[in-house]
Each structure stands twice: as structure tokens, then as C-alpha cells.
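Comments concern the structure below.
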Amino acid sequence: MTREEMTALVRGKFPDVKLGSNKQFPEFIAAPDQIHSLCTALKEDAQTKMDYLFCETAADRKDGFHLVYHLTSSALGHCVMLRTVLTDKAKPEVETVGGIWMAAEFYEREIFDLFGIQFAHHPDLRRIFLDDDWVGYPLRKDYKDSFTLEH
Amino acid sequence: MEETLLDIELKEKEEYIINMGPQHPSTHGVLRLEVCLEGEKVKYLRPHCGYIHRGIEKMSEKLTYPQLLHLTDRMDYLSAHINNEAVALCVENAMEVEVSDRVKYIRTILAELTRIASHQLWWSAFGMDLGALTTFFYGLRDREKILDIFEETTGSRLIQSYITPGGLMGDIHPNFQKRTKEFVKYFRKKLPEYDQLLTGNVIFHERTQGIGIMSKEDAIDYGVTGPPGRASGFHCDIRKIAPYSAYPLVKFNQILFTEGDTFHRYLVRIKEMWESLSIIEQLIDNIPPGETMLSLKAIKAPKGEYYQRVETARGELGVYIVSDGGPLPARIHYRTPNFSNLFVLNKIAQGHKIADLVAISGSLDLVIPDIDR
């Protein structure tokens, strides 16, 4: 499916979704409360069949935490990139997509561990790499501990 | 005698939890599996990772691209060249530069040699997991020859950091082509020995066939790629889906099976070694002359986000770079193959004996530093 067809399909179903500027993959920016239904629709639509989530990660940016999902279809081969911005840095929360792709459950545990983003309705949201009593979330830009060097 | 409440309680709780790891020889690194057993059968298991979490992604935010490249070797150290290549390709795509054909050929040959060396080591250790010690001697004997080739050209045997953004650290050694051809010739004779030792062995069949079956749906759902994914029929070879470097120029087959058991995960890797030999043969005589390093003023990714997928010996490696335009990345994320391959273990090992768990986790070929990063 070409970029234009994909855009038309997604915008037809979700008119609020904004287009991103990524050159490599068609990129869509959805509101945090919309991301779960967008993911479900992309997986279940017979034209897109996005059954393989190959990357889910986050980035700490000025305007909030960006959650990025890279999806592809194992049968049809097209890729898409979804983004949602969690502007409330004090209490970032979004619905889990673990029920849609099993892989997401573990990517989300990693994101929770390193960014402190809460995933609602996640079945097993625990730290994955760090100790359970670790203070803070290391991949946040404002993270500091006793080993941080001041420049 | 009447059954007391205590008896019933004990009967209901006829399960116990044991820890396999963090220092267990069959986990091939510091991974702890919390295994719940009922008798000898695995009821479920919970992997605990993070024992060697080094925070590579956090460290990389303070390093330039040529610097952070050196950390990628230390993720999946058995696919070091391919990890380097992933970062190099991602940065080159971001800068919109293209390396010469010479570099592409050399990168592909090195990547395939890496794949063979990795599969050899896996084959050696897998035999040992199942109690066959001879495989270790055979595998390491042949792997040594590849490491010698690496040492001559890159100066290093395990973690080379030879492929960098813009090209290669230096040109190949004058002996590189000769020795690689000698190796291919040698290994074509030695590979059938691998089949004689394990592939046709009845005891080996008993231990692996029908054990730990993974369906194609599970493979896709959990994001299992590489040989385990392809043994289940998941068309996931990035060299075919999104070809990079010199892969569009060579002919090779993607090994696909539908059975998805431990034996077919084994078979995929054996057959992949034949394919890798054929790829090397197609390229080794035709390395074109050219520059091995682009003359770049500064290595900076323009503002934006970039993603690069490559096929390591264990599956799909993704490099995701968020750049603000400077020489340092604002965020870099590695989607590592072993991280996704690990968690399917709970699903496919359920109901099998604990000895089979060793065979199943061995067939997934986990490299723990790649999970923890």
C-alpha cells in the first residue's frame, strides 16, 4: 500500500489524526486516548493487517514524552509509524497495546522501567532491567544520581 | 485414613519454583529463569533480566556517532560487525550519503562471515546443552579460522568496531580475499561433518523433534525474528524484506520451515551457513576498487528521526535515532532481536520437561548482553 493510500485510509477512519513528517515511513500522530483504537483498527483492517509491532519506544522531548510505535504487516509488507505525545511529564499515562500485540507487553515494561510512563490495564507492569527499589527513571533528561557528572 | 485439610493443601500445591540461573551454564550468560515446576514438567516460567544492564542507550546520548558505535559491539557480541553496520547505515541514511560499492561488498562479506561464526558457536554450545561434547571442539576449530581473518583485517577478534559511519576503519588486509576463499573451500568440506554428528543422530532427533513448538502466529505476535521466527514460517529476513548493502546484488534463499520445533530451529541455522557461504563466494572475487572512507567534514545527523533494520545472526536489529541536528543523538534506541525472542520461552516451554527447557532455550540462541543492553 502506498503512502497516499495509507494516509487516506487512516484519515478516513480517524479524522483527528495528524500527519507526521517522517520521510521513511508514513507517520501518524494520534492523541493518547486515541492510540489504542487506532492500533486495533490498523491490526484488524483487512487492507492494513498490521500484525507485527517491530519497535515500540519512547523519547524525552521538550513538549513531553513521545511514544513511538513502528508497525508492519507480515503478509503485506508495508510499514507505518505512530506517535503519541504525553504532555503531562509529571504523570504520563497511556493505554497499553499489550492486548493487541504480545510483544508490546515487554517493550512497555522497558519503557516503564526507564521512562516511568504508566500503561493503563497492563497485566504485569514491573521494572524489567533495574532493581525494584531503584529511584527515578534513567532515560529521562532530568535524571540525576550520585554518578552523574556535572559539566 | 481420612484426608486432612493439610493433606489437601499439600496436594494442591504440588508445585515448586526453582531458579535456573543467573549462573547456569545453559542460559549462556546471566539470565535468571524462575521456573514453576509440577513434578518435572514446566508449568510456567518468568524470565528475569537486567543482570548486565549497562545503560548503553543512556551512555550513547553523551557520545558522538563514531564513539557510540563501539558500544554496539557489546550488545550482541557474536554479531559485532552487523551491529556496527546497523548504526553506520542509519547515520549514513540520515546524512544522505552513500558509501562506495567496495565498502558495501566488504561489509556484506564481513556480515556473512560473522553469521557463520555465530552459528558455529551456537552449534557447538547447543550440542553441549544436549550432552554432546564433541560439537564444541568441531565448532570452535572452524570458528577460529574466521576469527583469524577478522584479526588480520580489523586487528581484533571479537568486538571489532571496524564498520563506521562513512565506510570502514581501514582497507582490508592484502590476504583477506585469499584467506576467505580458503576458508570457504575448507568449510564446505567441514559442514557435512556437522550433519553427521548431530543432524542425522537418532538421540538428537528424540531430544528435539516436536519439542517447543512455536506457531507462526505466536512468532509474529511476540516479535520473534531470525532463525526461530523462520523455523515457524514467519517471513522475517530483513536481507529480503528491506535489502541493504550488497544484498540486492546476490542470490540467496531465505530458509523457511513451518514446523516451528526445536529441530527446525536447528535446521534453519545449518542451512543458513550454506547460504552464507554462497553469498561470500558471489562477492569475494568481485570486490570493486574504490574509497573505503567517505571524506565527511563532520558526522552529524540532521534534525529528524531515523530507523534502520538489519538482520543479525539472531534476528532483526533496529536502530532508532532521534536527532536535534548536533553531533550527539537526542535519543538512540536499539530494538534488539534477543529481547523479543526471550519472552516467547514461557509460551513454548509450558508442559515440557525441564531437560527440554534447556534444549528449547538453547535453540533460541540467546545472547544475554543483547537483551539487557
Mind telling me which of the residues B:ARG265, B:ARG309 ends up being farther than 22 Å from B:ARG143 by Cα, charged (D, E, K, R) and modelled with pLDDT of 90 or more? B:ARG309
Quick check on A:ASP131: is it assigned to a loop (DSSP other than H, G, I, E, B), of a type in the set (Asp, Glu), at pLDDT 85 or above and surrounded by 10 or more Cβ atoms within 10 Å (Cβ to Cβ)? no
Restricting attention to the range B:300-314, and to residues there that are outside any strand (DSSP E or B) and touching a residue at least 60 places away in the same chain (Cβ under 8 Å), which single residue is nearest to the other protein chains (Cβ to nearest Cβ)? B:PRO302
So, in the range A:113-128, how many residues would count as being within 13 Å of chain B (Cβ to nearest Cβ) and either without any contact (Cβ under 8 Å) to a residue 24 or more places away in the chain or part of a strand (DSSP E or B) (or both)? 4
So B:ASN286 passes all but one of these: (1) assigned to a helix (DSSP H, G or I); (2) away from chain A (no Cβ under 14 Å). Which condition number does it fail? (1)
When residues of the range A:62-81 are limited to those that are in contact (Cβ under 8 Å) with a residue 24 or more places away in the chain and loosely packed, with under 15 Cβ neighbours inside 10 Å, the one nearest to the chain's Cα centre (by Cα): A:ASP63
All but one of (1) more than 10 Å from chain B (Cβ to nearest Cβ); (2) at pLDDT below 90 hold for A:ASP51, so report the exception by its number. (1)
Tell me which of these A:LYS18 doesn't satisfy, since it passes every other one: (1) within 14 Å of another protein chain (Cβ to nearest Cβ); (2) of a type in the set (Lys, Arg); (3) within 17 Å of the chain's Cα centre (by Cα). (1)
Across the range B:233-248, what is the number of residues that are surrounded by fewer than 16 Cβ atoms within 10 Å (Cβ to Cβ), touching a residue at least 12 places away in the same chain (Cβ under 8 Å) and closer than 29 Å to B:THR292 by Cα? 1
Quick check on the range A:86-93. Is at least one of its residues part of a loop (DSSP other than H, G, I, E, B), within 11 Å of another protein chain (Cβ to nearest Cβ) and farther than 23 Å from B:ILE371 by Cβ? no
Single condition A:ILE29 does not satisfy, out of (1) facing chain B (nearest Cβ under 10 Å); (2) more than 19 Å from B:ARG309 (Cβ to Cβ): (1)
Report yes if some residue within the range B:244-256 is within 20 Å of B:GLU193 (Cα to Cα) and modelled with pLDDT of 90 or more; otherwise report no. no
Just checking, does the range B:258-281 include any residue being under 17 Å from the mean Cα position of the chain (by Cα) and assigned to a strand (DSSP E or B)? no
Please state which one of A:LEU53, A:LEU76 is assigned to a loop (DSSP other than H, G, I, E, B) and among the aliphatic types (A, V, I, L, M). A:LEU76
Which of the following residues is polar (S, T, N, Q) and either surrounded by 21 or more Cβ atoms within 10 Å (Cβ to Cβ) or without any contact (Cβ under 8 Å) to a residue 12 or more places away in the chain (or both): A:THR96, A:THR40, A:THR84? A:THR84
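The values are calculated or read from the model by the stated rules, or taken from the named source; none is laboratory data. The structure displayed is predicted, hence computed values, not measured ones. Backbone-built Cβ (ideal geometry, glycine too); neighbour counts: all protein chains shown.
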